[in-house]
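Participant: Here you go, one structure.
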């Protein structure tokens, strides 16, 4: 099935008694990413915002450097999955042949199928300085996520990745059963809308592992905020990439692990006014 949420019958046991009913749960579908007629990878994901996923995955994997590198993109719905069929310029096609994986990526897969340790922990892109943010802005941004998670409100079973800017609030939010897929979808949405990622924050409802930092760096966002803790490698990677990594974000505060200078009690303009 190619709808993001399914109503499934189930038996319920509560307080020693049984009852029956239905529950809304998220769908999980094979998503085949093909370039110039060849399959690059098959990932398991939520069948929603698939154009965003195709573009974001291609950018985050380094297959393309701009959304303009994709000559055409077609979502082909098959009986047993969905093919995201892309055609690229010849220069990009040559790069695919060097990185082709032909692997199946489970839902939890972020860097499945890489061929070496060096590729798995490759240096992330260096991000520009971008914006500074106040603690209140950071907490406000994180609190804005939950009401926009339409699939999670129905199922309580998917991750979200969002982008927030001071001028526009939540610019985009994408959901998926896989946290890496959600971030790829967000990357694609921002690229397709030509959003300047340097002016806001990436927000995550998941833990922060190294590949989440690598994807955020590819997006070009200077700050990432997550509800859960990071891994030690994620912290080292964020430090090297120039990313401010904020984690364990709750309603009463958060913890800043790298590049703390982007979090200030006063915004940049307010600091200038105070100095003047």
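Participant: Considering only 18, 238, 141, give the residue with the highest GNM mean-square fluctuation for the chain, with springs between Cα atoms whenever their separation is below 10 Å.
Facilitator: Answer for the Gaussian network model of the chain: 18.
Participant: Order of 262, 85 from fewest to most other C-beta atoms within 10 Å?
Facilitator: Least to most surrounded, the residues fall as 85, 262.
Participant: If I take the Cα coordinates of the chain and project them onto the principal axes, what are the three extents in Å, biggest first?
Facilitator: Result, largest extent first: 66, 61, 34 Å.
Participant: Here's a follow-up. Kindly identify the stretch 135-273 as rounded, prolate or oblate by the Cα gyration tensor criterion: order the square roots of the eigenvalues as a ≥ b ≥ c, call it rounded if a/c is under 1.5, otherwise compare a/b with b/c, prolate if a/b is larger, else oblate.
Facilitator: On the way: a/c = 1.39, a/b = 1.26, b/c = 1.11.
Because its axes are fairly even, with a/c under 1.5, the stretch 135-273 counts as rounded.
Participant: When the chain is treated as a GNM, springs tying every alpha-carbon pair under 10 Å, which of 26, 106, 222 comes out with the largest mean-square fluctuation?
Facilitator: Taking springs between Cα atoms under 10 Å, the residue moving most is 106.
Participant: Using a Gaussian network model on the chain with a 10 Å cutoff between Cα atoms, which of 20, 61, 175 fluctuates the most?
Facilitator: Greatest mean-square fluctuation among the candidates belongs to 20.
Participant: Go ahead and estimate [θ] at 222 nm for the chain from helices alone: -39,500 (n - 2.57) per DSSP H run with n ≥ 4, summed, over the residue count, rounded to 500.
Facilitator: The helix contribution divided over the chain gives -8500 deg cm²/dmol.
Every read-out reported here was derived from the displayed coordinates using simple, explicitly stated rules and does not represent laboratory data. Please read all numbers here as calculations on a predicted model, not as lab measurements. So basically every Cβ, Gly included, is an ideal-geometry build from the backbone, and we count neighbours across all protein chains shown.
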